[in-house]
Amino acid sequence: MALSRLRHPVISRAPSLIRARFLSLSSTPSFLNRSRGSNTSPEVAETLLRPVSFPLINGIYGDSSKIKFKIGIRSFSSAEIPEHTVLQMPALSPTMSQGNIVKWMKKEGDKVEVGDVLCEIETDKATVEFESLEEGFLAKILVPEGSKDVPVGQPIAVTVEDQDDIGSIPATISGTEAADKTSTEPAATHGDNMPEASSVNINTSELPPHTVLQMPALSPTMNQGNIAKWTKKEGDKIEVGDVICEIETDKATLEFECLEEGFLAKILAPEGSRDVAVGQPIAITVEDNNDIEAVRTSVSTDSRTKDEKPVQQIVKKDVKTQKSSFNRISPAAKMLISEHGLDASSITSSGPHGTLLKGDVLAAIKSGKVSKVSVPKDKTSSPQSSSSLPAGSKSTVQDVAYEDLPNSQIRKVIAARLLESKQSTPHLYLSTDVILDPLLLFRKELTAKYGVKVSVNDIVIKAVAIALRNVPEANAYWDVSKGERVLCDSVDISIAVATEKGLMTPIVRNADQKSISSISLEVKELAEKARAGKLKPNEFQGGTFSISNLGMYPVDNFCAIINPPQAGILAVGRGNQVVEPAIGDDGIEKPAVVTKMNVTLSADHRVFDGKVGGAFVAALRSNFSDIRSLLL
């Protein structure tokens, strides 16, 4: 696999044994930390790690039926506080981060039945009623009526099962303990699917002179990387210019090179490690060959301890579900049992008061240890049972064939940035049809008279660049920090290129000043580099406008998503021949066949208002109708 090499312009700490080679001129944090002898601070291992923030995860302790709204944590640990449930502000929409308590429908001390409305919550979408999923008493209201901007996950109320326990609930409950519990439960549940880099304990007081190498930030958007391959082994001699390892970033696979002589004493992030956070130690080097063994014995990993944690939590979960029967059944669990034709008596319950929950049924289906109810042949099946599964299919979840396709770093970043763009950028869409016949004729003339072969996309790039130059208000971006638009000095066009690892956007800089033939040669060169993973950072970072062309596919028109921080992207469809009236040389209107191509502008409405967008589209149509003007 072809690799690109990066050079870093500045290394803040010298002398240094290793460097990453960057071709970008952007500055990045230093990723080297040199320790000398016993004078090194014992906290050096902690300073090497970038802190990682985890999203708040809400759940129910001992009652998964409340996962519906992710609202409460059942607490049993306190000796002074009786058994209670802490209700948290739920995330009632995908974009909700906070809500307002409009009105409390229940007062402190009121009896709460299943289905009772506790309060009304105003979200970013609508005002939603907050219903109770279990019987009890409203012991304490932590967030009063009329409170605004209450963060999702903040405790808003406390309920108890026994009325006598109301007076034992304190005036304030922070919910910290509950949050700590719930944050560990998902980690145990999904521990097998989420990659986790092992932590490293470095006893620096016992180490000889050494250098700790950290995962570098090799691009502005990179916050983690994958160790694709170690080209050196522990104990190997390192010469100046030697490649230590290959790192897969969110943009490309890069070589990590050596600047000075030394020895690779310890590899902390083994080959194949995924999602290694920027700043996390990945290796240790020494200058003296005799110091290698001392480093190896002093550095230890906590991987064994981490492997044991999920096992312990699974055991706790199994102990909690050791119940032979159930007294109640939730509606969701009843529906699942009906759909799959299961024997409810063979499923153990884990809910309060012996309630059979939806999670219990799903766990039983996944384990395959649940029996089915035999249905007589002459008995008509219910509509739910007959429509739940197609004929001949198996009902167990574990029999469904599937394949996990791990995402590359590039695809992960693309997914995150596109989601961010759609959520934070107000998209304005403007669409028009341009006549393609003058362009096609001009292209044939270039080939016949001058032997110059250019593609339709090359001419589209030139036409868009000239339109941006003629409408400078469209060649701008939105500065979030200042809250204003910023006009760009140059016209740099980003071209969407599909690669095996994801979509790359190499840039044709100053496209308005280049000829169509030079644009054609540059686009071919950039596309080859993108597919081979050889793009330099300055060849794909930046750009003022993007073009996405699907004209080679049977796609008539589409709307592209803006690539932030840019403010516009043009979606180009295929050309279609249509019949429409045209004025002949004799002045008589006759039917004629013309080739039309649809182009759709997706623009940031903070930068493009209707006037600017309309002016840009008009300039673009003018360029297509008078294609020879692009040569001026």
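Select, from V400, V370, the only residue that is touching a strand residue (DSSP E or B) at 6+ places or on another chain (Cβ under 6 Å), at pLDDT below 80 and either of a type outside the set (K, R) or more than 28 Å from L133 (Cα to Cα) (or both).
Criteria check complete, one pass: V370.
Output yes when any residue across the stretch 430-437 is open to solvent by 40 Å² or more (accessible area, probe 1.4 Å), within 21 Å of V460 (Cβ to Cβ) and assigned to a helix (DSSP H, G or I), and no when none is. Can you show your working first?
Within the stretch 430-437, the first condition is being open to solvent by 40 Å² or more (accessible area, probe 1.4 Å), and the residues that meet it are 430-431, 433, 435, 437.
Add one more test, that the residue is within 21 Å of V460 (Cβ to Cβ), and what stays is 430-431, 433, 435, 437.
Those still in the list that are assigned to a helix (DSSP H, G or I) too: 437.
Yes, some residue in the stretch 430-437 is open to solvent by 40 Å² or more (accessible area, probe 1.4 Å), within 21 Å of V460 (Cβ to Cβ) and assigned to a helix (DSSP H, G or I).
What tally of residues in the stretch 439-476 results from selecting those that are basic (K, R) and free of Cβ contacts under 8 Å to residues at least 60 places away in the same chain?
Step one: list which residues in the stretch 439-476 are basic (K, R), which gives 443-444, 449, 453, 462, 469.
Restricting the remaining residues to those that are free of Cβ contacts under 8 Å to residues at least 60 places away in the same chain gives 443-444, 449, 469.
So the answer is 4.
Are any of the residues in the stretch 474-492 part of a helix (DSSP H, G or I) and surrounded by fewer than 20 Cβ atoms within 10 Å (Cβ to Cβ)? Before the answer, list the steps.
Kept after step one, since they are part of a helix (DSSP H, G or I), are these residues of the stretch 474-492: 474.
Cutting the leftovers down to surrounded by fewer than 20 Cβ atoms within 10 Å (Cβ to Cβ) gives us none.
No.
Which one is least open to solvent (accessible area, probe 1.4 Å) among residues in the stretch 447-473 that are among the small types (G, A, S) and more than 13 Å from L631 (Cα to Cα)?
A467
State which residue is farthest from I227 (Cα to Cα) when the search covers only the stretch 280-291 and only residues that are open to solvent by less than 10 Å² (accessible area, probe 1.4 Å) and in contact with a Phe, Trp or Tyr (Cβ under 8 Å, 6 or more places away or on another chain).
Going residue by residue through the stretch 280-291, those that are open to solvent by less than 10 Å² (accessible area, probe 1.4 Å) are 281-286.
Filter once more, so that each one left must be in contact with a Phe, Trp or Tyr (Cβ under 8 Å, 6 or more places away or on another chain): 285-286.
Numbers: T285: 17, V286: 21 Å.
Of everything passing the filter in the stretch 280-291, V286 is farthest from I227 (Cα to Cα).
What do you reckon, is I495 at pLDDT 90 or above and more than 32 Å from the chain's Cα centre (by Cα)?
no
Which pairs do you get when a residue that is in contact (Cβ under 8 Å) with a residue 60 or more places away in the chain, found in the stretch 572-587, comes within reach of a residue that is open to solvent by less than 50 Å² (accessible area, probe 1.4 Å) and of a type in the set (S, T, N, Q), reach meaning Cβ atoms under 6 angstrom, with the pair 6+ apart or on two chains?
The qualifying pairs are V572/N549; G575/T595.
Can you tell me which residue in the stretch 216-232 is modelled with the lowest pLDDT, limited to those that are open to solvent by less than 30 Å² (accessible area, probe 1.4 Å) and part of a strand (DSSP E or B)?
Looking at the filtered set, the residue picked out is G225.
What's the number of the condition P331 fails, among (1) farther than 30 Å from R606 by Cα; (2) modelled with pLDDT of 80 or more?
For P331, the failing item is (2).
Under 6 Å between Cβ atoms, which residue pairs at least 6 apart in sequence (or on different chains) link something in the stretch 602-630 that is closer than 12 Å to A474 by Cα and open to solvent by 10 Å² or more (accessible area, probe 1.4 Å) with a partner that is in a helix (DSSP H, G or I) and polar (S, T, N, Q)?
These pairs meet every condition: A619/N470.
Just wondering, is there one or more residues in the stretch 576-598 that are of a type in the set (G, A, S) and crowded, with 16+ Cβ neighbours inside 10 Å? So that I can check it myself, show each step before the final result.
Keep residues of the stretch 576-598 that are of a type in the set (G, A, S), which gives 582, 584, 587, 592.
Those left that are additionally crowded, with 16+ Cβ neighbours inside 10 Å: none.
No, there is no match, as no residue in the stretch 576-598 is of a type in the set (G, A, S) and crowded, with 16+ Cβ neighbours inside 10 Å.
Look through the stretch 516-535, keep the residues that are open to solvent by 60 Å² or more (accessible area, probe 1.4 Å) and without any contact (Cβ under 8 Å) to a residue 40 or more places away in the chain, and return whichever of them is farthest from S408 (Cα to Cα).
Our first condition is that a residue be open to solvent by 60 Å² or more (accessible area, probe 1.4 Å); within the stretch 516-535, this holds for 521, 524-525, 528, 531, 534.
With the extra rule that they be without any contact (Cβ under 8 Å) to a residue 40 or more places away in the chain, the set shrinks to 521, 524-525, 528, 531.
On the way: L521: 29, K524: 24, E525: 24, E528: 19, R531: 14 Å.
Here the answer is L521.
Kindly check whether there is at least one residue in the stretch 544-556 that is open to solvent by 80 Å² or more (accessible area, probe 1.4 Å), in contact with a strand residue (DSSP E or B) (Cβ under 9 Å, 6 or more places away or on another chain), modelled with pLDDT under 95 and of a type outside the set (F, W, Y).
yes
Starting from residues that are without any contact (Cβ under 8 Å) to a residue 60 or more places away in the chain and touching a strand residue (DSSP E or B) at 6+ places or on another chain (Cβ under 6 Å), keep the ones in the stretch 588-601 and report whichever is farthest from D437 (Cα to Cα).
Filtering the stretch 588-601 for residues that are without any contact (Cβ under 8 Å) to a residue 60 or more places away in the chain and touching a strand residue (DSSP E or B) at 6+ places or on another chain (Cβ under 6 Å), the one farthest from D437 (Cα to Cα) comes out as E589.
How many of the residues making up the stretch 464-505 are small (G, A, S) and closer than 15 Å to S518 by Cβ?
1
Got a number for residues in the stretch 511-537 being farther than 22 Å from L570 by Cβ and either among the aliphatic types (A, V, I, L, M) or modelled with pLDDT under 85 (or both)?
Total satisfying the criteria: 5.
Give the residues of the stretch 493-515 that are part of a helix (DSSP H, G or I) and either open to solvent by 60 Å² or more (accessible area, probe 1.4 Å) or touching a residue at least 60 places away in the same chain (Cβ under 8 Å) (or both), sorted by residue number.
Q513, the sole residue that qualifies.
Confirm whether G354 is open to solvent by less than 70 Å² (accessible area, probe 1.4 Å), at pLDDT 65 or above and at positive phi. If you could, list the steps in order and put the result at the bottom.
Numbers: open to solvent by less than 70 Å² (accessible area, probe 1.4 Å): yes; at pLDDT 65 or above: yes; at positive phi: yes.
Against the criterion (open to solvent by less than 70 Å² (accessible area, probe 1.4 Å), at pLDDT 65 or above and at positive phi), G354 qualifies.
Do we have E522 as more than 27 Å from K422 (Cβ to Cβ) and in contact with a Pro (Cβ under 6 Å, 6 or more places away or on another chain) here?
no
The values are calculated or read from the model by the stated rules, or taken from the named source; none is laboratory data. Remember, it's a predicted structure, so these values are computed and weren't measured experimentally. Neighbour counts are summed over all protein chains in view; Cβ atoms, including those assigned to glycine, are modelled from backbone coordinates with ideal geometry. These area figures cover heavy atoms from the full protein model, side chains too; ligands, DNA and RNA do not enter into them. Shrake-Rupley method; radii C 1.70, N 1.55, O 1.52, S 1.80 Å.
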